[in-house]
1. Residues in the stretch A:58-71 that are modelled with pLDDT under 95 and assigned to a strand (DSSP E or B): how many?
2. Answer yes or no as to whether A:Ser614 is among the polar types (S, T, N, Q) and more than 30 Å from A:Asn767 (Cβ to Cβ).
3. Tally up the residues in the stretch A:240-286 that are facing chain B (nearest Cβ under 10 Å) and closer than 18 Å to A:Lys688 by Cα, please.
4. Kindly establish whether A:Glu653 is surrounded by fewer than 17 Cβ atoms within 10 Å (Cβ to Cβ) and among the acidic types (Asp, Glu).
5. Would you be able to say whether some residue in the stretch B:38-51 is more than 10 Å from chain A (Cβ to nearest Cβ) and within 17 Å of the chain's Cα centre (by Cα)?
6. Across the stretch A:709-759, what is the number of residues that are at the interface with another protein chain (Cβ under 10 Å from one of its Cβ atoms) and over 18 Å from A:Glu254 (Cβ atoms)?
7. Using beta carbons and a limit of 9 Å, which pairs, at least six apart or on different chains, have the first residue in the stretch A:118-137 and free of Cβ contacts under 8 Å to residues at least 24 places away in the same chain and the second one among the small types (Gly, Ala, Ser)?
8. Cβ contacts < 6 Å: first residue farther than 18 Å from A:Glu284 by Cα, restricted to the stretch A:372-390; second residue in a helix (DSSP H, G or I), any location; separation 6+ or different chain. Result?
Amino acid sequence: MSEGHLTNTKTASPNLTRRSFLKWSAALGGAAVLTGGLKASLVTAGKKAMSAPLDQVFRSANNPECNHCAFQVHVRDGRIVRLAPDPDFYLRPCLRGYSRLQGLYSTARLKYPFKRVGERGEGKWERISWDEALDTVAEKLAEARDEFGAETVLFQRGAVLSQMPGAMMGRFANVFGKGVTTAGKGGLCCNAMGEASTAMIGYRVSEIENFAFSKLHISWGHNPAVSYTPHWRYMANGIEKGMRLVTIDPRFSETAAKSDVWLAPRPGTDTAIAMGMIKVIIDEKLYDETFMLNRTNMPFLVVESTGKLLRESDLVAEGDPAIFYVWDLATKTAVKHTEVASPALSGSFEVNGLAVRTVFSRLAERAARYDVATVSEISGVDGNKIVLLAREYAASKPAMINSGMSGAQRTTHGEYFVASLITLAALTGNYGMAGAGVNDTAGVSHWPSTNISSPFESDVKGSIPATKLGEYLWEQKPYPLQVVYWQGKGLGQSPNSSLVRKAMIEKIPFIVVQDNFMTDAAQIADIVLPAAHLFERYDLMAPSRNFHFQIMDKAAEPLWEARSDTWIYTELAKRLGFGDQFNKTEEEWIDEMLVKTGLTAQSLRESGPVWMWSDAKYNKFGVKWDKPPFYWFKDTPFTTPSGRIEIHSVRWEDKEEDPMVDYKAAEETAETAPELYKKYPLALVNAKINAFVHSTYQQMAWIREIFPQPWVDIHEEDATERGIEAGDMVEVLNDRGTIKLKARVHQGIRKGVVSVQNGWWLDTGGNASVLSNDSHTKISFGHTLNSTLVEVRKA
Amino acid sequence: MMANKRLGLVIDLDRCIGCWTCATACKAENGVALGNWWNRILNVEGAATGSPGMVAGEVKMTNLPVQCMHCENAPCVKACPVGATYKREDGIVMQDYNKCIGCRMCMAACPYGAKVFNWGEPQTGVSLAGVKLGNPAVPERPRHVAEKCTFCVERVDQGELPACVAACPALTRTFGDLNDPNSEVSILIRERNGSQLLPEFGTDPNIYYLPARRHHPIVEKTPSYGG
């Protein structure tokens, strides 16, 4: 047995060999019979709560960037001893959630405030009192603000998606500088997804509850089996009902393993595949013309000379730039888009002497370049399969493209990848149904929150692109920073992470880190503050990556000297003279954030999780649905300037960006960086595994028994060429750095591509971000880590 | 007279994504020590968790959760020289930790590698002395005893489901009476061609697996492509 099968090899039976499993598995393989309808009773059975009369039970939820499953937290004699699924919630937590129980009492937990006594990163610490820690931090903050300006204090926080830690840090930073701040620009996840969604449909949507309704599910650069583990039950329900599953990913992921079809493109070429599909759908007239004419701007006219939409302001002085024109087939004239009776979908026309053409015709012209041979050549995927996929997609309604915060949009032209997916869904009318559309991961920002983070108006003095943190700190752009206040975030999550670490160590006079564990960021801090665990404080999980309001109750006092983020900021505020801005309890802050919804901490405690669509007060759209599924774009509008899906985006046109989808080669490829490619001929993609959410859970002993160390996946042929065998320690390197890890050699990855898991801390030596491209997408400053070239060699 | 119950578990490999939640929930519920798993997920084709392997030229990664099979014809019960391993009337195979002498004969006898051994004082990875995680009714095990999945007998006796069944996020697991032809488990086994692991050993396990569905590649003749 090899690693990961059985961590206790001493107790593994030699009788159970892989050979016998293979034999057995083959015997099972031929006997597949599907039945439906049995799972409903299972759900009922699962709803039975545990009976443990001695335990007090509290409500909570898991709060990193995951699905936020609700928990019952069982407390016995003042100690948290047990976690169980909340029978009032529709999901069951995954192993990451359960591991919190061990993490709570982990020997690795930060127990006390510490100050650095050795060199930065040397690991020499002295335990100090909270008073000394808070006094020191307050003093350093005040010094920086008074001498250099509040903008020289950089506040950074990780993706904790419950409300309190972020709101409290935000409020503290805002009041501290009276609004003066250094802002972040873009991010390390889904900016391309968010930007293209905003540009084309108005906002971000998630179909995460509706997987089971699709007839076809294309998981594109996405691995829901590990990143939406609790929602897999709906995928499985769909599969039982006959839903077909296609995975497009250079890696044979856990989701690919469940799929009917696995297509493995070259990283960064996904848009070319989508363009090929668009061409097939247009050429073979597989599109939904009624939908396109009525709910998209594909019939809108574009002025040939400028490439811009024809607007009323182009034709009449004082005309409304939000009125667009379409060609009316009845009158053979250009008519306002709001007034047309029989619009033309395609064609070239003349309006007031201007040559114009419909958006659809221009899209068709772009797509025409992506014939089977071209798409095959660009993507490395058999173009005939892409043709078949396009036909199946157009014939299967509802069909969902599940992209999540896809790895395929974490590339140089990520926005256009997402645009290609929305275009596919718009062509086929895959909107307004359950199980259709393009699945993002967002419920965030759709609830009417009350902002408690910025009592002062924001006054941004400079900004730092999220992907460029290392470069900006190293080059002291936009100005030298004096203090970095770093809360609950892995240092190794930033691309080019070695440079981030080096810049922090050498260029930042004072670093304070607040966390549960001695993270790779805490390791280089001057003061480390032990934060309370999520079950040791009050918090609110508001619709973020699911669509529920959930209370996270304080189930026990913080262990050792850990303190809640709210307590820490309140104590610092008192020392800095603005304690009056931190004059509420955690539950009072929660009630204030919720005030527009009519919900309170206490009401959520009594009711359990509340679905955001169950009352018009709970969402910004003011809509109410009696029960799931919620259908996006049935009662909710496309909030684009035209009120339609904008295949030619007004937002992008206004930003002087290419307003419509097209494929462009990514930054680090053989084609675009031939010299670099000679040195580093392998493309690196990051993988998510079910051990982590970003860098969280690294210290959970139970999880590390399953995933003891990082590894690199490499194709057999690439390994053979380099004399690498399975299990060898190898170096993965490029000009940004070198990491050292174990090789897993197989054929479950495209030749020419290697993959390392995201989330390993810098001190494991296997942190993928050391190698990651720190450029960003042009429009939205999203990261491009999957446009990275590397080489692999035997260590 | 009604026949005895035969408590059993059906695991649907079509739904299982190998996430290890069952295994982790088991660890939490039963206070299983670091280094030991009563319940674990094997990867049939690949070399490790999350690694694909090849079968007949095809890339595959099939998850196989394995725990005590609560065999009708349990080799561990026969192998135990002191009667510490025994079978309850409802089919659950149990371990009496007071009787166990740590000889590990049961472990050698089990073809599923389902039993684990406490080589030292069990360490749970919890730094606060006196905090016992999980179900308070589950007895603590000393060093030098063998232990394994009990189908969460303490829960089952209260009419609850085993922790792994209640925890599985993908609803992969169904628990019930195999002797009742109308139980969900019996129906699933019948309708979905459930099978036992390593039947050639003659152990007659009370855990059944439902096969993973066959995949349908993109080919021109697939009717749903409209061609």
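The values are calculated or read from the model by the stated rules, or taken from the named source; none is laboratory data. Keep in mind it's a predicted model, so treat the numbers as computed, not measured. In this analysis, Cβ positions are derived from the backbone assuming ideal geometry, glycine residues included, and neighbour counts consider all displayed protein chains.
1. Total meeting the criteria: 1.
2. Details: among the polar types (S, T, N, Q): yes; more than 30 Å from A:Asn767 (Cβ to Cβ): yes.
Judged against the criteria, A:Ser614 is a match.
3. If we filter the stretch A:240-286 for residues that are facing chain B (nearest Cβ under 10 Å), which is where we start, we get A:240, A:242, A:244-246, A:251-264, A:284, A:286.
Pick out the ones that are also closer than 18 Å to A:Lys688 by Cα and you get A:251-259, A:262, A:264.
The number of residues fulfilling the criteria is 11.
4. Values: surrounded by fewer than 17 Cβ atoms within 10 Å (Cβ to Cβ): no; among the acidic types (Asp, Glu): yes.
It is false that A:Glu653 is surrounded by fewer than 17 Cβ atoms within 10 Å (Cβ to Cβ) and among the acidic types (Asp, Glu).
5. Residues of the stretch B:38-51 more than 10 Å from chain A (Cβ to nearest Cβ): B:38-39.
After this cut, where a residue has to be within 17 Å of the chain's Cα centre (by Cα) as well, the list is B:38-39.
Yes, the conditions are met somewhere in the stretch B:38-51.
6. We begin by selecting, within the stretch A:709-759, every residue at the interface with another protein chain (Cβ under 10 Å from one of its Cβ atoms); these are A:711, A:713, A:716, A:726-727, A:742, A:744-749, A:757.
Okay, now just the ones that are also over 18 Å from A:Glu254 (Cβ atoms), so A:716, A:726-727, A:742, A:745.
Counting residues in the stretch A:709-759 that are at the interface with another protein chain (Cβ under 10 Å from one of its Cβ atoms) and over 18 Å from A:Glu254 (Cβ atoms) gives 5.
7. From residues that are free of Cβ contacts under 8 Å to residues at least 24 places away in the same chain, the pairs are A:Lys124/A:Gly118.
8. A:Ser376/A:Gly383; A:Ile378/A:Ala272; A:Ser379/A:Ala272; A:Ser379/A:Ile273
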